[in-house]
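Contents: one structure, followed by commentary.
The values are calculated or read from the model by the stated rules, or taken from the named source; none is laboratory data. If you're wondering where the values come from, they're calculated on a predicted model, not measured in any experiment. Heads up, the Cβs are rebuilt from the backbone with ideal geometry, glycines too, and the neighbour counts pull from every protein chain shown. SASA here: full protein model, heavy atoms, side chains in, ligands and nucleic acids out. Shrake-Rupley method; radii C 1.70, N 1.55, O 1.52, S 1.80 Å.
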Amino acid sequence: QGQLVESGGGLVQPGGSLRLSCAASRSIFGISTMGWYRQAPGQERELVAVISRFGDTHYADSVKGRFTISRDNAKNAAYLQMTRLKPEDTAVYYCRASSLQLGALWGQGTQVTVSS
């Protein structure tokens, strides 16, 4: 598919920072919400943060105050700035976009590992 392309994952020490990017194809229009989910081994996929087209945001309690979600509507892109990372943040992070004509779209996932 390649309609959502993620980047920015990697290995970081506790307390460090990473910035994840999600770029949706410019041909995808009418995206209402974009969000980031994560899934750790043996755990369910959970919502990390979501942002509407108008800038309304919602965060999981576990990341509130540490992560910031943003988007650039002109670029069809979303970002997740992660700071003060903890080992429990280790997971595969997935970008999700809700499109009027295509429904829910998912990225391929990018690995974030927080370890000393």
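Give the relative contact order (percent, whole number) for region 1-115; include only Cα pairs under 8 Å separated by 6+ residues. Let's see the in-between values first.
Numbers: 284 pairs, mean separation 42.1, N = 115.
Reported as a whole number, the value is 37 percent.
How large is ³J(HN,Hα) for each residue in region 101-115, as worked out from phi by the Karplus curve 6.51 cos²θ - 1.76 cosθ + 1.60 (θ = phi - 60°), to whole Hz, x for Gly and Pro?
3J(HN,Hα) across region 101-115, in whole Hz: 8, 10, x, 7, 10, 10, x, 7, x, 9, 7, 10, 10, 10, 8.
Direction-averaged shadow area of the convex hull around the Cα atoms of the chain, nm²?
Values: hull surface 27.1 nm².
Over all viewing directions, the chain projects a mean Cα-hull area of 6.8 nm².
Measure off, as a whole percent, the carbon and sulfur share of the 1.4 Å-probe accessible area of the chain, all protein chains present.
Numbers: 3060 of 6110 Å².
The C+S portion of the solvent-accessible surface of the chain is 50 percent.
Solvent-accessible area per residue for the chain at a 1.4 Å probe radius, Å²?
Roughly 53 Å² per residue, with all protein chains present.
Starting from 0.36 nm per residue, how many nanometres of slack lie between residue 54 and residue 68 once their C-alpha separation is accounted for? Write out the running numbers ahead of the final one.
Numbers: separation 14, 0.36 × 14 = 5.04 nm, distance 1.53 nm.
Value of the extension gain: 3.5 nm.
Along each of its three principal axes, how wide is the spread of alpha-carbon positions in region 22-66, in whole angstrom units, largest first?
Largest first, region 22-66 extends 35, 23, 14 Å along its Cα principal axes.
Run the paramagnetic zone check for residue 7: 7 angstrom along Cα to Cβ, then residues of region 46-82 with backbone nitrogen under 18 Å.
The answer is 70-82.
Explain nothing, just the number: dipole magnitude of the chain about its Cα centre with +1 on each Lys and Arg Cβ and -1 on each Asp and Glu Cβ, in debye rounded to the nearest 20.
Here the chain has a charge dipole of around 240 debye.
Dipole of the chain (Lys/Arg Cβ +1, Asp/Glu Cβ -1, origin at the Cα centre): which of 28, 85, 63 lies farthest to the positive side?
28
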